[in-house]
Structures are given as structure tokens and as C-alpha cells.
Amino acid sequence: MNQTATNPFLSQAWIRENIFLGKSIGEYIRSLFTPFNFVAALIILGGLPLIAIRYATGLGFVTNSSNDFPWGLYLGWGLFGGVPLSSTGFIMASTVYLFGMKQYHSLVRPAVLTGFVGYFFAVVFLLVDLGKPWHLPYPMILSFGTSSVLFLVAWHVALYLSTQFVEFCPAIFEWMNADTFRRWAVRVTIGATIFGVILSTLHQSALGAMFLVMPAKVHPLWYTPYIPLLFFVSSIYSGLSMIILESTLIRRFLPSRMAEENKRKLDGLTLGLGKGAALTGLTYFALKWTALAHGNDWGYLGTGYGAWFLFEVFGLVLTPCILFTIGVRQAKVTFVRVAAALTVVGILANRITVALVAYNWRLPHEFPGWKEIWVVATIVTIEILVYRWVVNRLPVHMEHPAYASEHVAAAGHLAGSFGPAPVAATVEAMAPLNPPL
Amino acid sequence: MKENRRTFLTWLAGSTGALCFRAKADDLSAVGDFQGYPDRVGMLVDLSACVGCRRCEAACKQVNGLPPVSVPLGDKSVFDQVRRTDENNWTVVNRFIPGPGATAVYAKKQCMHCNEPACAAVCPVKAFVKTELGPVVYHPELCMGCRYCMAACPFGIPAFEYHSANPKVTKCVFCNDRIKQGLLPGCTAACPTNAITFGKRSDLIRQAQQKILQKPGEYQDHIYGVAEAGGTSWMYISKVPFDELGFSMDLGNKAMATYSYGFLSMVSAVFMVWPAFLGGFYLFSKSREQQATEPTGPDANKQGDAR
Amino acid sequence: MKRVLTRAMISLAFLGAMMLLVCAQGGQRAIASPPAQANASPKAPQGARCSECHSCQNPTAANSCLAPCPRPMPSEGPNVVLLKELSKDYQPVIFAHRLHAQMSGLSGGCAECHHNNPTGKILACSNCHSATQAGTLLKPNLTGAYHRNCLQCHREWNQNTKCAVCHELKTAQSVPVSLPASGDIMGSLHPDVQAPVVKMFDTSYPMGSKVTFPHQEHVQRFGLQCADCHQKEDCGDCHHTAETASEHVKNLDEMHAVCANCHQTTGGQEVCARCHSNQQLPSFSHKQVGLELSSDHQIAKCTDCHVGAKYNQKPTCKSCHGTDVSYPAQLPGTKVKTP
């Protein structure tokens, strides 16, 4: 295993080892014939022509959005839903590097990767949805609409995408066996993390602030001056939930790509994350009611929209919070995982509600068409495949063999750059997490 | 050498200042509590004079090179549904019957050309611009097609070419080119009952006030557009309450853009405060950790090396 | 010098006399031409009697009680007016003035069109409404002023026929338009409004659903004017278009309102049965109300005694007799038992 580290980048041996997973091309292609890949291929083969026709004939072909409802699933799901679910990177990086909770170090890389892929595909969704996607760089280079919250979002998503790429670079350079580059990359990590937190604070809340200019259009139950804060706080616990889900899924479906030690630690870490999610989730729950009281919109609770609001707040926010709490107190990891899944559903539901359902609430709504849903499914499928491709090749949930020795000494810090602590210390630090609270 | 440095610093300060000033002047149209350009033009529609002939629709299409009307002008079935503006219809006339048996009232709908337009404020590339003359104009060469303008417009006016591979956002542009040449906007010139009056906005407001005062009780004591959503260039007077004619009465008198000022002003503060706050936190946790690992001397050294 | 002054005074007097003449005859002028007088403000003209314009004793600024018509009778106005501002390209528009004037009593009176016009001389629209300059809200241009007056009522205007309904294009073959003899609406004769002799109402009253209304009798014999019953009606009430067709169901009071102007409509079943009789009632004879007229009174017109067709008020005898005869001291016949 160790000699792979010495294979130079793009040499034949490197390609065989690092692209085709040590198999011959024939073997590799045969290994792709799995039921999962078959379903994925069906979805993608159906979706790509739809996207092609969309670029040839206009957005109307693949969307049910209209002049009254300009934003459809692509933004509702892909941008407004995708970005909070990709807050994983900034949450774990700041937890470990800034707040010094080093026991979570093994989750930083998967979190940064989830964030990076999530943002990248938010941009892909944007490219599908924009009328003139080739004008996407204009806010950066040509014309600065500084009074627009979307201008802020555009810059921040672009900058944060780059930041996360930088944060993930050590893993890439390890994969490329480029030791010098890797050393340079790890040095900027702390700066990148702080920069990433600033950007995330702003653009997570900015996604909510985009709706501030629509007081007469968004339903009063969802329109509130608190909306940037609501979006920011909910992005934290949705990010925590995404890490719980992601690590659980990888351990379940790609066990060979997760280090044994990480597998063993995972349940304990999951409980810790669940505790954080429960706290931020309850904060969010309280904020939702504060916002409602602030606007004095109680009267709307008796309407159909009120029923949906109550379902969202109780069913998709409070319920997962209770599950998180039970899970953490009784050390039942399954509870935490179910709660995490429910949270992700709740966040998507909330963002789609704000962008689509509660928007222009006085007008009759139309359900997204099958083509719109299919294209979303296509992009999400590609996203999953890209994520799997990276996890299968890069050291995400494990140490790269070449740096493993360094890491044992450095107790799993990203490239050992931030104060190595003995393994014993890490285990000790974790101790208070594991027993019931 | 010293001289050079001073020159450089002066130049730097000067250009920074100039840049700030320039940016401020440029952004006036979209940012700040802007009262509007004093001599801007406007339109005043007397809804009681409109007979629903839709010649404004036809003229608008002709002047702006849009496809001709799909429902013939005489066909009243077009009024069975309340229509909105779309990519081929920059202005539409709708019919409202206020109460049983009442005579129909027609209301023309088009871009209101806000004093401080939401579409211009939210556009990340400044594709929509409020001109000094009054019209809110569109620059398709900048537009990304994000449709935030459509989402933000309190009057639901901008429309998108959903069936074009190179789409534009479309709306009434106040016949900007025509009025710059001293011509009347297409719809105004075509109106057979002179229900639309073009003029300086401040003059129009005075006329409308006079008209309302002339016969007390005949007109609604309200000029729609003077204050709505921060004020608009198009204004309406009516003998029938506006809320019965499809006009939104819950927009408030603040420009929609002002609702996001608070958030936007926070951005630079976060950029200043967060690094200090988070950096401080980092240093704090690091020093705590250092103290904890102090006894294991070699490790502490190693940590120092890694810096 | 003195001679010049005298001449000036004579010419002034002549001009004044001419103007008076023009004013008096203004109604007969078929085609309105822009008069020399440009003052269009609704100031009271000199020499006019207050009662010519104001219908009440003490008009105030708030309640000016201006008479709806700048002249006493609409029939004094021209029969047909030709509007020929666009005579370069179009045949003149034929406006059936008298017909509209007669119908104007049903809505706003002459002032519906001749607004802001002082008594006496009728001013041309173009006096105030410019044909060349852009209009304002307070003073629309001439196109706007004309079209507003026509199209506010004629909303059934079918634009498939474009402007030619009123504005016939001038071509080489066009012959000069002469004034048609009778009222003309948009080039075609308006049919006479046929009032029924008797109108039967089918009501939902269970005791007697059929109600007879002797329409002709009310008009011809009792001398009621159309507008006495047909109040606040306009073209649209007959010329139903989808947008003005009423979906409003009248309630009991609204249905009886017109009759209740003169007749008692409330009370017991007895009162109802007077009209809700399920049979066609005979035409009116005076003994039905308990007074059989003497033969000399039978030849008088109803309105001789019931002046102004005000049948619910005390009749007067003054039109024939002196002040010494009065009702009910002297009766125009003998009292009988009502059937």
C-alpha cells in the first residue's frame, strides 16, 4: 500500500491505483454494473436530454415556473435547499479549528467535501435555472449590483466555493502524491476557515435576506425581519444533520473507505453532533415563534397556511429536536440518525415553502412538472455519484497511508498542522461526550 | 525617495476617495433613502375615462416591435380573465365590475416605474436602472436571467421569455427612446379618450389633486402611486375604490429595497468583527491547549515547528 | 374725436345685439363653429336671470342646484350635429343631437356633455379642448373629450369595424354629407322605442302572481314623463352588454319602489290584491277612487287638475276656476262607493 504513495502523479501506475482503484480497465468497468448504478444511469440518461433541450429551446421546457412564480424547484431545492445542507464544511472546520474540539477532526474532511460538492451543485442548479448562464460571472467582473442581496450571495458562493476547495486541497494533493503542494495547502487552512465562517454567516443569512424585499409577496407566517437569522440558525443544525447522515451512509455503504478507528468513534461523535443539533434546533424553534409574535401574525395560524406552518414547526423542527434529545440522553444513536434525516427533510421543506409555496400566496399555485422533478433528480444523482467517486479515491474518511504515521503521532489533525495532541488526549476529550448527559 | 512615497500616498488617498464618491453617485438610483430625481416624468391614468378599447395594448406592441394582439380588440371575451403582463404584452387592460349591476371599470396595467424600484435594487448586475428622466430601463446585455427582479417586483410586472434560448426579462420601458425625442409614449398617443396624461410627475400630482377636489365625493380621495411602494411614476385616480380594481393596497409607503438595507449594512460589520472574534477564539483555545500540553515538551516544540 | 367715440359705441352696441341674437339662436345652429368668445368659465352671464340656471332659491357654492340643461327644453337644440374636425381624412361624424338630448333626461341631463357651460350660448368643445396640444387630466384634448362623451355610453362599440363606425374614410367616391332628416346613431337609425300598451308582470306573490301595468295609460293619459319612472337609466339598460347586464336580484322594496312613488304598496293583503289580482284590470276610470266625475269634468285632462301629474297631492281647480273654487270644499263630481 505504501509504495502507491511513491507513484508519481499521472504515471500509469498512479492512474491504475488512484483512478481505477487498482483494477484493470475491464475489471473496473465490470465492477460498475451494480443495481444502484443501473438506476442512476436510467435517471441521468433520461435527464440529460431534457437539460440539452432546455438549453436549445428555453427554460420553459423543463420548468413549471411562470411569470408569477419565477423561482421553481431548481432554486427552491438546489440553491435555497442545497446551500444550508452544505453548511457542513464551515460548521465542522470552525468546531475543530476555531473552537478546538479536536475529537471531531476525522469528520472535517467529509464535511468540507460535502460542503464543496453541495455548493458546486448549487451552482450547477443555478446554471440550469439562469436564463443566460453564460452571464454568470458578470456580477464578478462586469457590473456590480451592490444593492442586491443576490450580488452578495453570488460573490460569497463563488468565494466560498474557492475557499472550500482550498480547505480540501490537502486531500487532493495527498491523492496526487504532491507532498510540497500539500504542505503549502495546509498552511492556509486556518485563514481559509475563518474566511469561510465569515462568508457562511453572511450568505446563509443572505439567502433568507433575499426575501426581505418581498413583504407583500411572502406569506406573513414566513415573512419576518428575522428571516436572515432564521436561515442562518437553521443552516447550522441542518449542517450538523447532514454530517450525521453522510458519515452514517458512508459507513453503511462504503465501509472500506472509512478507517476502522473512525468507524469505532463514529457513534460517539454522532451523539455529540446530535447534542449540538438539538440545541441549535431548539433555538431555531424558539426563534420561529419569536418571529411570529414579533409580526403578530397569530391570526394566520387558523388558515390552511397556518396548518402547514404548524406542521413544519412541530413536525419537522420540534420532533427531530426531541428525537435528538432522547437519542443523546439515552445514547441511542439510531434516534439521532432518524432525527437527522427528518431535519434534512424539514430544511428542504422550509426552503421550498419560502421560495415557492408561501411566495405570492394570494395567487393559485402550480405543482412542479415531471420534467422539473426529473432534472432535479438527475442533478442530485450526479451529485451523489461525484461524491462517491471522490470518497472512493481520496482519503476522506481515513488517513492517507503516506501520512498515516505522521497522523498517529499527530492524532488525526489535518496534516498535523494544528497542535498535535496524543491519541490519549483525544480519547479523553471525547469521554465526556459518551456517557448519558 | 521620500517625495515619491508621499506622491504615491496622495495619489492613493485621492483615488480611493474619488472611487468612493463615484460609487456613491452611481448607486444613487438603487441605494439610500432616495426621494427621486426632481424633474422626472410620470403618467396619470384617470380610470373613469378608460373605456377598455385596448388600443394602448395594440400601440404598445407596435411601438416596441411585439407580436400583434392575439385576441382582436373588439373581442370582449379577453376580459373574462384578469390578465397580467407577459413577454408579449407589456401593458394589459383588465375589466373589473365593482359590485352587482355596476358599470364596468377598466384598469390598464404596466410597469409602474417606481421612484426606487425593487427590480433595480435587487438586480445583481444592474440590468435594470432608474434613469434620471423617470423610466426604469433594461439592459439585456447585462442580464443573467436570475429573475430576482420578477420575484421582488411588488406589482408583478416583469416577465421572462421562458421559451427562448437567449431569453430577456421584459417589461414596459416607458417608451424611453420616444420620450427622449419629445414624443408621447405609444399607449398615451393611442388612447382615444385621453385617459392617460403624460407630464412632469410633480405637475401630474397637482392636477390629480385638483381633479379630486373639483367634484368632492366623485373621485376616491387617493392618488394611487404617489406613495405606494415608495412612490411610482405611473399614478392612477379612480371613482371606484382601488382595491376593487385589482390594485394592491397593502404595499406600504416604503420602497421595497429599503427592507433589505438593515441586512446589507450588516455585511461589512460582519467582515470586520468576525475575523477578530473568531481569531480571538482560536488563539484562546490554542493557548489553553498549549498550557494543557506544556509538560510534554517535545510536542510543544513540534507544534511550534508546524507553525 | 367725439365722432370716433360715437362710432365705437354704435359698433359695440351692434356687436352686443348680434351676440344676443347669436345666443338666442345658438340652438338652431346645426353645426357648431368655434365662436369668437373664448371665455369658457362657468360664470353667470350678464343679464341672465338666476332662475335660468339655478333651480333653488338660495344657491350656495356647495349646493349650486344648477339646472341640468343650459336651456329650458332639449328640443330647442339642433337635430343633428356634424363633427368635422377630421374633415381632411374622414367624412364628418353624424351626431344625432336631439335624440341624445331627449334621452339625456334619463341620466345626467345636457350637462352630461355640455359641462361647465353657462346658460345661453353653447360653447363648442374645441373652445376648451385643444385639437392640437396634448391634453391634461383636467382638460383632455379634443379627441379625448369627444371620445369620452361617445364611448362612455357606447361601450358596445365593436372595434372589429375599427373607427369607421363613426369616422367614415374620405375617398374619391365620397359624396358630401348632408344632414339626415331624422335622428341617427352611428349612421344607422335608432328604432323607435315601442312602449307596450299594457305590461303584465309575472311576480312570485302567491295570492296573485299577475300584475297589470297599463304603461300607455300612464304616459298618455296621466302625462308621466319617461324619467319619472325610468330613473338613472342609460343606454346600457336596454343595450345589454355582458359587462353591464345586471345579476342583481331586486328585493321587495326595490321592486316596488317605482310604483310606490305614487301608489300605496304596503299594508295588508287587501292592499296587495289591488295590483296582484291575477287578471287584467280595466283601464282607469275616476269612480274607481270613489269619485264619479261630472260630465263637464270628464272631458278635462287629468293634468288640468293634477298639475304636473302629481296624483298624490291635492288637485287644483285654478286652471279653470277662479280662486273661489277649491277642493275638497267643492267636488268635481259625486262620491260613490269604491268597487
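The values are calculated or read from the model by the stated rules, or taken from the named source; none is laboratory data. Everything quoted here is computed from the prediction, not taken from an experiment. Ideal geometry is used to build each Cβ from the backbone, glycine not excepted, and the neighbour counts take in all protein chains shown. Side chains included, ligands, DNA and RNA excluded: accessible areas come from the protein's heavy atoms. Shrake-Rupley method; radii C 1.70, N 1.55, O 1.52, S 1.80 Å.
For segment B:53-90, a decrease in accessible area of 20 Å² or greater in the assembled protein chains relative to the isolated chain, with a 1.4 Å probe, applies to B:Cys53, B:Arg55, B:Leu73, B:Gly74, B:Lys76, B:Arg84. Counting protein heavy atoms only, segment A:34-426 has 74 percent of its accessible area on carbon and sulfur, 1.4 angstrom probe. Compute the long axis of helix A:108-129 from its Cα atoms, compare it with the longest principal axis of the Cα atoms of chain A, and write down the angle in degrees, 0 to 90, nearest 10. Once rounded, the angle reads 40 degrees. Leaving ligands and nucleic acids aside, the B/C contact buries around 2300 square angstrom of accessible area in total at a 1.4 Å probe radius. The magnitude of the dipole of segment A:345-403, with charges of +1 and -1 set on the Cβ of Lys/Arg and Asp/Glu and taken from the Cα centre, is near 60 debye. Think of a 1.4 Å ball rolled over the protein heavy atoms: segment C:285-339 then has 75 Å² of accessible area per residue. Subtracting the Cα-Cα distance of B:Ser202 and B:Gln290 from 0.36 nm times their residue separation leaves 24.7 nm of extension gain. Taken over chain A, the ratio of Cα radius of gyration to 2.2 N^0.38 Å equals 1.00.
Summing Cβ point charges (Lys, Arg +1; Asp, Glu -1) relative to the Cα centre of segment B:134-259 gives a dipole of roughly 340 debye. For A:Leu282, what charge total do you get from the other residues with a beta carbon under 12 Å from its beta carbon, if Lys and Arg give +1 and Asp and Glu give -1? With Lys, Arg at +1 and Asp, Glu at -1, the net is +2. Once backbone amide H atoms are built at 1.01 Å from N, C:Lys199 has C:Phe213, C:His215 as its partners under 5 Å, excluding neighbours fewer than 5 places away on the same chain. Under Stokes-Einstein, with the Kirkwood radius over Cα pairs as Rh, the value for segment A:89-164 at 37 °C and 0.692 mPa s is 236 µm²/s. Give, ordered by residue number, each residue of segment A:73-121 whose 1.4 Å probe accessible area is reduced by a minimum of 50 Å² on adding the remaining protein chains to the chain alone. Residues meeting the cut-off: A:Leu98, A:Phe99. Note on chain A: with charges restricted to the Cβ of Lys and Arg (+1) and Asp and Glu (-1), its dipole about the Cα centre is near 360 debye. The calculated FRET efficiency for the pair C:Ala329 and C:Ser204, based on their C-beta separation and a Förster distance of 45 Å, comes to about 0.50.
Among residues other than B:Glu218 with Cβ under 14 Å from its Cβ, the summed charge is 0 (Lys and Arg +1, Asp and Glu -1). Comparing A:Gln103, A:Val117, A:Asn37 along the charge dipole axis of segment A:1-118, the residue lying farthest to the positive side is A:Gln103, per the Cβ-charge model. Its residue count N fixes a reference of 2.2 N^0.38 Å for segment A:188-316, and the Cα radius of gyration divided by that reference is 1.31. Estimate the FRET efficiency between A:Ile44 and C:Ala134 by the formula 1/(1 + (r/R0)^6), using the beta-carbon distance for r and 60 Å for R0, to the nearest 0.05. FRET efficiency, A:Ile44 to C:Ala134: 0.45.
Helix A:149-175 and the longest principal axis of the Cα set of chain A meet at an angle near 20°. The B-A contact accounts for approximately 5400 Å² of buried accessible area, totalled over both chains at a 1.4 Å probe radius.
Pop the C-beta distance of A:Ile15 and A:Ala377 into the FRET formula with R0 = 25 Å and round what comes out to the nearest 0.05. Efficiency, rounded to the nearest 0.05: 0.20. Accessible surface area normalised per residue over chain A is 38 Å², counting heavy atoms of protein chains with a 1.4 Å rolling probe.
Between A:Ser234, A:Ser66, A:Ser247, the Gaussian network model of chain A with springs among Cα atoms under 10 angstrom shows the greatest mean-square fluctuation at A:Ser66. Site pair A:Ala178 and C:Asp296 shows an inter-label distance of 13.1 nm when each label is modelled 7 Å from Cα along Cα→Cβ. Note on chain A: helix-only mean residue ellipticity at 222 nm, from DSSP H runs of 4+ residues weighted -39500 (n - 2.57) and normalised by residue number, equals -20500 deg cm²/dmol.
Across A:Tyr119, A:Tyr160, A:Tyr300, mean-square fluctuation computed from a Gaussian network of chain A (C-alpha pairs under 10 Å connected) peaks at A:Tyr300. Interface burial in segment C:115-150, defined as at least 40 Å² less accessible area with all protein chains than with the chain alone at a 1.4 Å probe, covers C:Leu137, C:Leu138, C:Arg148. Counting only alpha carbon atoms, the long axis of helix A:189-209 and the longest principal axis of chain A meet at about 20°. Which lysines does C:Lys84 reach when only Cα atoms under 25 Å apart count, and residues fewer than 8 places away in its own chain are ignored? The qualifying lysines are C:Lys121, C:Lys139, C:Lys162, C:Lys170.
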